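Chemist: My questions all concern the structure below.
The values are calculated or read from the model by the stated rules, or taken from the named source; none is laboratory data. What you are looking at is a predicted structure, and each value in this text was computed from that prediction instead of being measured. Reconstructed Cβ throughout: ideal geometry from the backbone, glycine too, with neighbour counts over all protein chains shown.
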Amino acid sequence: MVEIKLPELGEDIEKATVACFHYNIGDHVNADDDIVEVVTDKATFNVPTNVSGDISNILVAVGQEIEVGQVIACIDEEKNYESEIQ
Amino acid sequence: MNCKVIDLGIIDYKEAYALQQKYAKEVLDGSDQVLILCEHPTVLTMGRLAKESNVLYSKDKLKEIGVDVLGIDRGGDVTLHAKGQLVAYPILNLANYGKDLRKYLFKLEQVVIDLLSDFDIVANRLSGKTGAWVGDKKIASIGIGVRKWVSIHGLALNVNTDLNHFAMINPCGLNVSMTSVSQVLGRDIEINEVKQVLIDCFCSQFGMKKGQ
């Protein structure tokens, strides 16, 4: 399982507010897909996943203020069967 | 770095938004960064933190005068666009500028401050209130959206905007008065007079040369 966390957004930015989710629990996502949009005052920022798989859990809610490094969602990473065969 | 400057003239908000998306994809794929310049026919846009109570006209009244209200994916509250307002949408890869949202907003403010200085207008930042201000009046609004560290949206500078339009809203939810370049100077200034200065200040601030 891979945790998707709120990344560093810049110096002195410690928090952001969850604006909307692009996917729900159970949805399949591909590496690099944007999972959630957060907002900090005058900027929106989309947080991507770095792995492919199914979203197994969402730990924050729309409107919630979250901190840099906080876990937003969990993804059951899909296995790369091709590499196993090789 | 080259900056591709695209002047769209007066263009519907949604059309310009679609073009921003197109260029954002190209910039993400490694094309030259882009500065889109345009004006919009009167429209209200609601950022992600917008409160409906900051739109002061009723839905019926807005419909009657033909003003759309659009929810969009930028930060900030409600903003009004209208003719006479120079809108700049930089499509930049912020990985080139340290992946820092606050520093990017600061640099956009500086572009406006430098531009206005060229017209002998002293503009400032106000702590905690992103934008550019002349005294206690707001002259430019700023709001951005970022995907994969590529920016869309940007800044809106009132050049010779009819400031009566702002009666429709509580700008940015701040309960402030707006001003324009023309109002501050006490004479009419055409958008085209400001465009080239904006391009120069922008390219200087972001270390770019205007390309084709």
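Chemist: Which members of the stretch B:93-112 meet the condition of being over 14 Å from A:Gly10 (Cβ atoms) and either hydroxyl-bearing (Ser, Thr, Tyr) or within 13 Å of chain A (Cβ to nearest Cβ) (or both)?
Modeler: The answer is B:Glu109, and nothing else.
Chemist: Among the residues of the stretch A:34-52, how many are polar (S, T, N, Q), more than 7 Å from chain B (Cβ to nearest Cβ) and within 25 Å of B:Lys51 (Cβ to Cβ)?
Modeler: Looking only at the stretch A:34-52, we keep the residues that are polar (S, T, N, Q), and these are A:40, A:44, A:46, A:49-50, A:52.
Now drop any that are not more than 7 Å from chain B (Cβ to nearest Cβ), which leaves A:49-50, A:52.
This time we only want the ones that are within 25 Å of B:Lys51 (Cβ to Cβ), so: none.
Of the residues in that region, 0 qualify.
Chemist: Could you identify the single residue in B:Lys148, B:Lys99, B:Lys107 that is farther than 24 Å from A:Ile35 by Cα and at pLDDT 95 or above?
Modeler: After applying the criteria, what remains is B:Lys107.
Chemist: Right, another one. Among the residues of the stretch B:50-60, write down those that are in contact with a strand residue (DSSP E or B) (Cβ under 6 Å, 6 or more places away or on another chain) and either within 13 Å of chain A (Cβ to nearest Cβ) or over 22 Å from A:Asp41 (Cα atoms) (or both).
Modeler: Of everything in the stretch B:50-60, just one residue is in contact with a strand residue (DSSP E or B) (Cβ under 6 Å, 6 or more places away or on another chain) and either within 13 Å of chain A (Cβ to nearest Cβ) or over 22 Å from A:Asp41 (Cα atoms) (or both), namely B:Ala50.
Chemist: Let me ask something else about it. Can you name every residue in the stretch A:4-33 that is buried (at least 18 other Cβ atoms within 10 Å of the Cβ), more than 8 Å from chain B (Cβ to nearest Cβ) and within 21 Å of B:Gly47 (Cβ to Cβ)?
Modeler: Passing the criteria: A:Leu6, A:Ala16, A:Val18, A:Phe21.
Chemist: Give me a count of the residues in the stretch B:139-150 that are away from chain A (no Cβ under 13 Å) and surrounded by fewer than 22 Cβ atoms within 10 Å (Cβ to Cβ). Break it down into steps so the answer makes sense when it comes.
Modeler: Here is the first cut: in the stretch B:139-150, the ones away from chain A (no Cβ under 13 Å) are B:139.
Subsequent filtering for residues that are surrounded by fewer than 22 Cβ atoms within 10 Å (Cβ to Cβ) retains none.
Final tally of qualifying residues: 0.
Chemist: I need the full set of residues from the stretch B:61-90 which are farther than 18 Å from B:Thr161 by Cα, aliphatic (A, V, I, L, M) and more than 14 Å from every other protein chain (Cβ to nearest Cβ), in order please.
Modeler: B:Leu62, B:Val69, B:Leu70
Chemist: Please find, among B:Ser204, B:Ser180, the residue that is surrounded by fewer than 16 Cβ atoms within 10 Å (Cβ to Cβ) and touching a residue at least 40 places away in the same chain (Cβ under 8 Å). Explain how you work it out, then say what you get.
Modeler: Values: B:Ser180 fails: surrounded by fewer than 16 Cβ atoms within 10 Å (Cβ to Cβ).
Matching residue, one of B:Ser204, B:Ser180: B:Ser204.
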